[in-house]
Amino acid sequence: MDVVRFENVGLRYGLGPEVLRDISFSIAPRSFQFLTGPSGAGKTTLMRLMLLSLKPTRGLVTLFGHEAGNLDKDMMTTLRRRVGVVFQDFRLLDHLTTYENVALPLRVQGREESSYRAEVVELLRWVGLGERIHVLPPVLSGGEKQRAAIARALIVRPELLLADEPTGNVDPSLARRLLRLFVELQKSGTAVVIATHDLGLMDMFDGAHRLVLGDGRMHIYE
Amino acid sequence: MSDTQLALSSGQSGLRRSESLVPAESIAGRALVIVIAIMTFLAALTAGGAILVSRASQDWRGSVAREMTIQVRQIAGRDVDVAAAKAGDIARKVAGIGEVKVYTKAESERLLEPWLGSGLDLGQLPVPRLIVMKLDESGAKPDLAALRQVLMREVPGSSLDDHALWLDRLVVMANSVVIIALVVFALVVTTMILAVAFATRGAMAGNREIIDVLHMVGAADAFIADQFQRHFMGLGLKGGVLGAVAGALAFAFAGMAASMWAASPGGDQVESLFGTFSLGWSGYGAILMIGLALALVTGVMSRMIVFRHLNGLN
């Protein structure tokens, strides 16, 4: 069963022109794909459709075998918990420490802190934020925020990872390290979608599919 | 020992602070507390005023309704004092009448002093005698029609005044005053709810990002709404209690000032109009309830805003 399936999906905002047209593709479990295209091509919009935070104007979006149009709120929440998201603008909560931000997806599921504490600390150390556990996001650098946002997406061991420009604020060596993390995640069973227009990053991993958006349409390169 | 074990064993058991998912301190939050405190204070003053006016009007009605008078006019060839004493005796025998006071000539003349001035010789004037009757505590209603007939028969020239006309007017006036007080209170409460609702919306505007993030990381709608409702109800309680305490203190100080002033003629006038400025436990309870109700409004409002925002996201 595909993790994500789009069939002839179109989207327009209000009465404007379609920003996405006849998009059809599927994302298999344990697959790795780069979503790319020029700025404004609709990468973030496509990610939001995959995250069920936008409804298509036409066509069919299926997530983990569930058609998006037929989901109730509880089911949407359940499906969203199987997805990890890295936002382009990080979206860390400024009044929570790095540790609390990373632990947030587990906390909102009602889990006891003692059950995930070691796991969160371990992941923070792995992304190089072991010394920044108690720090509030306004004090973190852009790269550190990026890594905290990635750690927050990974902490739930998602079946689908959506990352919007996850290496946009880090140096090349850390970008390579983060990419290696995403590849390991894919090998352990997660389907990974990385939106980027960093050609260098895409060249680092040959085994990825390339979903290229342009003029509202998608071209797929295996 | 691994880094993680080291971290955990080095006192990091409190890694997650008891931090709420909604920021505890914000300018909008503080402004909301102040708005709620002020609105609660104003509503408390209005409610307290309405309670005082309502109680005072009950007192006016009660004291007037419990009193009746018999007027015995002078008739040539009859000793008016004897006639007044006879009318007093008749009144004492009526069931339901407790206290009967027959005013003497001097006392009757003194009643005229406010209109005629003092120092006048009223001896030549046919000043009627007054008999003031008070109902007893049994609550039994005296048969005034029968009393009136007996007085007409036994004491010619006497008339019984049960203040019905005056009482009717007083009841209308007192009811009007209470209704006006209630209308003012209703207006203040409506304004208060609207002001608090808009202030809550304003304070919530800065939290949209948090709702979005919680939603995206898999928080259920009810979980997010609970977080905000708890936080905003806390702010509402803080403001509500502040305003209610300030309102209660205002009435307590007014009561103390009124009791200190009570010995003066002005104080007597105020006391006869508004009573003792004492709200009593029920009055203070009502003020506290206003604060609690506002806290509830704030919490419910924040919950509604969260659900509306989440419906947009869904």
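Derivation of every value follows stated rules applied to the coordinates shown; laboratory data play no part. If you're wondering where the values come from, they're calculated on a predicted model, not measured in any experiment. Backbone-built Cβ (ideal geometry, glycine too); neighbour counts: all protein chains shown.
Per residue, the average separation of C-alpha pairs within less than 8 Å and at least 6 apart gives chain A a relative contact order of 30 percent.
Overall, the range A:1-108 carries a charge dipole of about 40 debye about its Cα centre when +1 sits on the Cβ of Lys and Arg and -1 on the Cβ of Asp and Glu, all other atoms neutral.
Counting only DSSP beta bridges with both residues in chain A, the antiparallel share comes to about 50 percent. The mean number of Cβ atoms from other chains found within 10 Å of a Cβ in peptide A:157-167 is 0, as a whole number. Each part reduced to its alpha carbon centroid, the range B:26-73 and the range A:83-137 end up 54 Å apart. Peptide A:68-76 is shielded by partner chain Cβ atoms: per residue, an average of 2 of them sit within 10 Å of its Cβ. Where only DSSP H runs of four or more residues are counted, chain B gives -24000 deg cm²/dmol as its mean residue ellipticity at 222 nm, each run worth -39500 (n - 2.57). Counts of other chain beta carbons within 10 angstrom of each beta carbon in peptide B:244-253 average 0. The lysine pair tally for the protein assembly as shown, using Cα distances under 20 Å and a gap of 8 or more places or different chains, is 10.
Excluding B:Phe223 itself, what net charge comes from residues whose Cβ is under 15 Å from its Cβ, given Lys and Arg +1 and Asp and Glu -1? Taking every Cβ under 15 Å from that of B:Phe223, the sum is +3.
Over the range B:95-167, what is the mean sequence separation of C-alpha contacts under 8 Å (at least six apart), divided by residue count, expressed as relative contact order in percent?
42 percent
Basic side chains Lys and Arg get +1 at the Cβ, acidic Asp and Glu get -1 at the Cβ, and with that the dipole of the range A:59-137 about its Cα centre reaches some 80 debye.
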